[in-house]
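Single-structure report; data block below.
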Amino acid sequence: PVLVVDFGAQYAQLIARRVREASVYSEVVPSTLSVAEMVAKSPAAIILSGGPASVYAQDAPRIDPALFEAGVPVFGICYGFQAMAQALGGEVAQTGRREYGATELAVTDPEAALLRDLPERLGVWMSHGDAVSVAPPGFRVTATTPETPIAAFEDPERKLAGVQYHPEVAHSEFGQEVLRRFLHDIAGIPADWTPAEILTEQVAAIRERIGDAKVICGLSGGVDSAVAAALVHRAVGDQLTCVFVDHGLLRAGEREQVERDYVAATGIRLVTVDASERFLSALAGVSDPETKRKTIGREFIRVFERAAAEIAEAEGGVKYLVQGTLYPDVVESGGGTGTATIKSHHNVGGLPEDMTFELVEPLRLLFKDEVRLLGAELGLPPAMVARHPFPGPGLGIRIIGEVTRDRLQILRAADAIVRAEMTAAGVDAQIWQCPVVLLADVRSVGVQGDGRTYGHPVVLRPVSSEDAMTADWSRLEYDLLARISSRITGEVTEVNRVVLDITSKPPGTIEWE
Ligand code: XMP
């Protein structure tokens with residue numbers, strides 16, 4: 001594999017994913033791993049990630065110079081670039097100036113293996129305080145920025161290179177090309193890995209870990225848990241039982257899709273629990289978003305625990321619980337390195353402390369689009385694999401105000417129209433998801449037929465995103481928006497106004513609660 005050494009940056013997983021996108025297998029390792037331990041993994045190359053530390057900080061993670069003697073190609077990014085410079089005999093200066101955000105990279109060496117034949121000026125994404133002031137002996141300096149005289153260097157003979165900016169983020173022009181050049185041209189690694197190989201490796205790893213123990217998995221109807229369960233089912237067959245909790249906050253047709261299509265495609269054993277009454281009574285009178293999330297999370301766990309206990313009794317014990325946790329969930333719930341909790345996502349934070357299961361999270365290192373590829377490999381129905389993300393708390397967090405049965409009916413009807421029209425227009429693949437939000441406590445005046453109406457607005461929140469960590473509002477065709485608007489106001493009597501959310505994330509989150 002290509003090892004991405006994590007110096008505590010949010011970017012390490014993103015780098016690993018970009019490497020996989022370049023058809024090279026990659027995984028993240030902690031910076032505490034010794035050079036000998038890294039070399040023992042027979043890495044095809046090592047990438048040193050960015051990190052929040054300054055090389056001058058007391059406890060800054062260091063790089064053992066032995067790394068560069070091991071004959072392994074090394075690419076340094078941001079902090080990794082500076083640490084590399086320092087370890088190889090260059091110098092890093094505390095400039096006192098921070099360069100943060102978009103800046104312009106000037107390519108100064110037209111022969112540079114990493115940067116040749118690219119535009120001479122590239123928009124790139126920077127985030128650093130210190131800067132390399134003297135390149136290590138034997139390295140050519142190949143680019144600069146206004147604040148950073150040494151912004152890229154390389155020694156292709158020794159298969160070493162580095163850049164001060166972040167080529168892995170989408171805002172850096174030709175970033176993926178630069179990574180590819182390091183991997184293929186400098187390190188000489190062939191582009192021959194496919195995501196199908198994750199399948200083979202994971203199935204073997206899961207089989208080994210689980211042995212002949214019994215496993216359960218909660219299905220949500222979404223692609224993550226569906227893929228996680230199908231993967232584990234591929235590994236251990238009917239040792240797995242799936243539980244689908246219908247919390248009454250699902251969209252139209254979702255329960256049927258799981259009970260019928262998914263089971264038909266996978267042959268998985270499925271137990272459905274209809275708990276909608278229970279969730280609705282627990283949600284009565286609740287309109288605060290975090291209270292809603294916690295209430296739904298708590299009830300979900302109770303219902304799930306009861307179902308699990310019944311299965312355990314029937315199966316003679318259950319040891320493992322499968323979860324479809326993805327990398328962005330881990331980061332956003334504060335599980336990443338030093339990142340803040342934004343919302344309590346109930347598939348990560350809400351597990352009971354006295355849980356007696358061991359967790360199996362086969363998707364923990366993957367991003368959504370990688371999970372979709374894996375689902376396709378597993379033969380899941382295309383509609384399920386392409387399905388847009390839908391939050392665990394369901395329509396409960398898309399009704400602004402108290403959640404009631406009537407309001408759920410209204411939102412379900414509007415949502416079904418939006419989904420049908422978007423699919424008919426062929427735009428599903430262009431957008432990440434489109435929450436439809438009911439402003440249940442808001443009313444506005446309208447006119448329909450000859451009469452005055454006093455109805456509720458619904459909000460369309462179509463967003464484009466790569467991984468849900470950031471998002472932009474999608475520029476859907478006006479004609480499509482118009483069709484959606486006139487169908488909703490015509491067919492859903494309680495709604496007399498349709499509005500479009502044009503906020504990016506940040507500052508807005510994707511969901512309204
Ligand atoms: P936000 O609203 O935080 O959403 O920008 C980011 C992505 O996560 C989904 N989401 C959730 N998924 N449980 C989930 O499984 C949750 O509690 C939850 N909250 C938000 C949201 O739909 C978007 O794709």
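Readers should treat all values here as calculations from the given coordinates under stated rules, not as data from a laboratory. As the structure is a computational prediction, the values presented were derived from the model and not from experiment. We place every Cβ from the backbone using ideal geometry, glycine too, and count neighbours over all the protein chains shown.
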Query raised in the report: For the range 55-64, in order, what is each residue's ³J(HN,Hα) by Karplus, 6.51 cos²θ - 1.76 cosθ + 1.60 with θ = phi - 60°, in whole Hz (x at glycine and Pro)?
Result: 4, 8, 5, 3, 9, 4, x, 9, 10, 6
Query raised in the report: What's the exposure ranking of Met84, Met38, Met384, going from fewest to most Cβ atoms within 10 Å?
Result: Met38, Met384, Met84
Query raised in the report: How compact and how long is the range 1-127, expressed as Rg and Dmax of its alpha-carbon atoms in Å?
Result: 15.1, 41
Requested in this report: Would you please give the FRET efficiency between Ser276 and Asp185, computed as 1/(1 + (r/R0)^6) with r the Cβ-Cβ distance and R0 = 35 Å, to the nearest 0.05?
Outcome: 0.05
Query raised in the report: Which residues in the range 126-145 have a backbone N closer than 12 Å to a point placed 7 Å from the Cα of Glu104 along the Cα-to-Cβ line?
Result: 145
**Report entry** Estimated FRET transfer efficiency when R0 is 60 angstrom, pair Asp479-Glu37 (beta carbons, to 0.05)
**Finding:** 0.55
Report summary line: Candidate cut points under GluC sites (Glu not before Pro) in the range 58-148, DSSP loop plus at most 10 other Cβ atoms within 10 Å of their own Cβ, are Glu111
Query raised in the report: Based on the alpha-carbon gyration tensor of the range 430-513, what equivalent-ellipsoid semi-axes (square roots of 5 times the eigenvalues) come out, in whole Å, largest first?
Result: 27, 14, 8
Query raised in the report: How far apart, in nm, are the 7 Å Cα→Cβ label points at Ser504 and Thr470?
Result: 0.7 nm
Query raised in the report: How large is ³J(HN,Hα), in whole Hz, for each residue of the range 95-105 in order, when computed from phi with the Karplus curve 6.51 cos²θ - 1.76 cosθ + 1.60 and θ = phi - 60°, using x for Gly and Pro?
Result: 6, x, 9, 9, 10, 9, x, 6, 8, 10, 9
Report summary line: Hydrodynamic calc, the range 196-385: Kirkwood Rh from Cα pairs, then Stokes-Einstein at 10 °C with viscosity 1.306 mPa s, so D in µm² s⁻¹ is 93 µm²/s
Query raised in the report: Among residues other than Arg251 whose Cβ falls under 13 Å from its Cβ, what is the net charge (Lys/Arg +1, Asp/Glu -1)?
Result: +1
Report task. Would you kindly state how much longer the chain becomes between Asp406 and Ser287 on full extension, computed as 0.36 nm times their sequence separation minus their alpha carbon distance, in nm to one decimal? Result -> 41.3 nm
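222 nm [θ] for the chain, helices only, -39500 (n - 2.57) per DSSP H run of 4+, per residue, to 500?
Mean residue ellipticity at 222 nm (helix-derived): -9000 deg cm²/dmol.
For the chain, what is the convex hull (Cα atoms) projected area averaged across all directions, in square nanometres?
If you wrap the Cα atoms of the chain in a convex hull and average its projections, you get 26.1 nm².
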Query raised in the report: How long are the semi-axes of the ellipsoid equivalent to the range 83-214, from square roots of 5 times the Cα gyration tensor eigenvalues, in whole Å, largest first?
Result: 34, 18, 16
**Report entry** Flagged links, alpha-carbon separation over 27 Å, of Lys41/Lys214; Lys214/Lys292; Lys159/Lys505; Lys294/Lys368
**Finding:** Lys41/Lys214; Lys214/Lys292; Lys159/Lys505
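For Arg158 and Glu120, compute 0.36 nm times the residue count separating them, minus their Cα-Cα distance, and round to one decimal in nm.
11.2 nm
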